[in-house]
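This report refers to the structure that appears directly beneath it.
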Amino acid sequence: MKVWVQVAAAALLLSGICGAECIPVEHAKEHVGDNVCVTGKVLKVTESRGVRFLNFCEDYRVCPFTVVVFNRDLRDVGDIYRLTGRTIEIHGVVKLYDSRPEIILKRPRQLTGEAAHIPALPKGFDVEQKGKFSAGTFSYPKGPRKTGKQTTKKDAGAPRDWSEQTE
């Protein structure tokens, strides 16, 4: 009996979370600080200083909402460039940055709907090089660098008769 109560409570809780209605991007500012689902069509994915943005407007400066993906999360999320032209549903806490609402995309499970299953990043994609270069090949470190100074093997420490002079 106790197990059935726990299962029923978990099912009720999950149905409330999964069945939440998504709000359009225009109404995201009204829900700052709330954990909501926001829906909209991604028009383009842009990159600036290592951060990717999913833009829902042609001009990001007048757009009422954006989705932010940091480099450290890109490998976990997947190929976000495939979201261009698709309507997505993203779940998360709406935060204000420069007085504009945004959700930070950290995990692929934040995406639902037709964008829920985006493929992983290509193998050669290097996050640090903005996806333009592969990680490269391994090379062994070089030996110590030689300087222009000549060093001598003579001991520059105490004189040999040091113990005799101290007595």
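The values are calculated or read from the model by the stated rules, or taken from the named source; none is laboratory data. The shown structure was predicted, so the numbers you read here are calculated from the model rather than taken from an experiment. Counting neighbours? That spans all protein chains shown, and the Cβs are built from the backbone with ideal geometry, glycine included.
Being at pLDDT below 90, closer than 14 Å to Ala115 by Cα and within 22 Å of the chain's Cα centre (by Cα) is the requirement here; does Tyr81 meet it?
So Tyr81 fits the description; yes.
Of all residues in region 42-58 being at pLDDT 90 or above and among the basic types (Lys, Arg), which is surrounded by the most Cβ atoms within 10 Å (Cβ to Cβ)?
For region 42-58, the residue satisfying everything is Arg52.
Quick check on my filter: what residues within region 15-57 are farther than 16 Å from Ile88 by Cα and in contact with a Leu (Cβ under 6 Å, 6 or more places away or on another chain)?
Correct list: Val32 only.
Give all pairs with beta carbons closer than 8 Å in which a residue from region 89-100 that is among the acidic types (Asp, Glu) meets a residue that is surrounded by 13 or more Cβ atoms within 10 Å (Cβ to Cβ); count only pairs at least 6 apart in sequence or on separate chains.
Glu89/Cys22; Glu89/Cys37; Glu89/Val38; Glu89/Thr39; Glu89/Leu111; Glu89/Thr112; Glu89/Gly113; Glu89/Ala115
Every residue, every condition in (1) in a helix (DSSP H, G or I); (2) among the β-branched types (Val, Ile, Thr); (3) at pLDDT below 80, yes or no:
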residue: Gly92; (1), (2), (3): no, no, no
residue: Glu102; (1), (2), (3): no, no, no
residue: Ala120; (1), (2), (3): no, no, yes
residue: Lys130; (1), (2), (3): no, no, yes
residue: Thr147; (1), (2), (3): no, yes, yes
residue: Lys153; (1), (2), (3): no, no, yes
residue: Gly157; (1), (2), (3): no, no, yes
residue: Gln165; (1), (2), (3): yes, no, yes
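Only one residue in Arg61, Arg75 is surrounded by fewer than 14 Cβ atoms within 10 Å (Cβ to Cβ), in a helix (DSSP H, G or I) and touching a residue at least 40 places away in the same chain (Cβ under 8 Å). Which one?
Matching residue, one of Arg61, Arg75: Arg75.
Pick from Val51, Val67: which is within 18 Å of Pro24 (Cβ to Cβ) and within 16 Å of the chain's Cα centre (by Cα)?
Val67
Among all residue pairs at least 6 apart or on different chains, which show Cβ distances below 8 Å where the first residue, located in region 107-119, is touching a residue at least 40 places away in the same chain (Cβ under 8 Å) and within 17 Å of Asp73 (Cβ to Cβ) and the second is in a loop (DSSP other than H, G, I, E, B) and acidic (Asp, Glu)?
Note: pairs meeting the criteria are Ile118/Asp79; Pro119/Asp79.
Residues of region 88-109 being surrounded by 14 or more Cβ atoms within 10 Å (Cβ to Cβ) and within 22 Å of His27 (Cβ to Cβ), which ones?
If the condition is that a residue be surrounded by 14 or more Cβ atoms within 10 Å (Cβ to Cβ) and within 22 Å of His27 (Cβ to Cβ), then Ile88, Glu89, Ile90, His91, Gly92, Val94, Arg100, Pro101, Glu102, Ile103, Ile104, Leu105 are the ones that fit.
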